[in-house]
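The values are calculated or read from the model by the stated rules, or taken from the named source; none is laboratory data. Here the structure is a predicted model, which means the values were calculated and not measured. Heads up, the Cβs are rebuilt from the backbone with ideal geometry, glycines too, and the neighbour counts pull from every protein chain shown.
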Amino acid sequence: MKNCEYQQIDPRALSVSPLSVQNHAEKKVQRPRRKWEVFPGKNRFFCDGRLILARQNGVLPLTLGLILVTSGLFFAFDCPFLVTHLTVFIPVIGGVLFVFVVTSLLRTSFTDPGILPRATADEAADIERQIDSSGSSTYRPPPRTKEILINQQVVKLKYCFTCKTFRPPRTSHCSLCDNCVGCCTV
C-alpha cells in the first residue's frame, strides 16, 4: 500500500453534458470506404485518391532525371555557342520544348487513366443471379457480351472476369495495373 498515490479528481471531468456525448458519437462515425480503397489493383493512391501512381517506383524519377540531365547539358554547353554564332531562337525553342515535355510527363504520371471501378460483392452476386435465372442448373460462366440500347443504338458490352463487370466499348483490362481502363476521349 506504500506505492499507492492519491490524486485529486477534477469534478468538471465527471460531468457529462448532452453536447459532449453527441460530439463524441459523431467523432466515432467513420466515412465510407471508397472503391479505390477496396479494390486498389496494382496502383498506389495519394491525396485521398486524387493522385495515382504505378507500383514501379523508379520509372518516373529515372525518366525525369534523364530529361533534366540531358536538357541541362544542352543549355549549359550548346546554348551559349548557338546564341553567339547562330540565333537566340534555337535555345528559346529548346526551353519551350523542355517545359512542354516536363509538364506533359508530370500530367500524364499523376492523372487517373480512366480506371473503371470493380463490382462489389453485392453487384457481382446480382450479375450471377441474373445469369442463373436463365434456367440452367449447372454453373456456367457469365456471358462474354451483353447488348444494351443507348440512344436507339445497340451497344455491345464485354464482360471482365477479373473485375466482374460489363465494361463499355473502348475499354480493356490492363495487366500492368490490374484494372479495367477506359479510352481517353478528351
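For the reader, a short list of remarks on this structure follows.
- Residue selected from the stretch 40-66 under the condition in a helix (DSSP H, G or I) and either touching a Leu at 6+ places or on another chain (Cβ under 7 Å) or surrounded by fewer than 12 Cβ atoms within 10 Å (Cβ to Cβ) (or both), by the criterion modelled with the lowest pLDDT: P61
- Exclusive hit being surrounded by 13 or more Cβ atoms within 10 Å (Cβ to Cβ) and either under 29 Å from F45 (Cα atoms) or at pLDDT below 85 (or both), set G114, G95: G114
- Enumeration of residues in the stretch 102-111 that are among the hydrophobic types (A, V, I, L, M, F, W, C) and either modelled with pLDDT of 80 or more or surrounded by fewer than 11 Cβ atoms within 10 Å (Cβ to Cβ) (or both): V102, L105, L106
- From the list A119, A125, the one residue that fits, being assigned to a helix (DSSP H, G or I) and assigned by TED's automatic domain parsing to the domain that holds S175, is A125.
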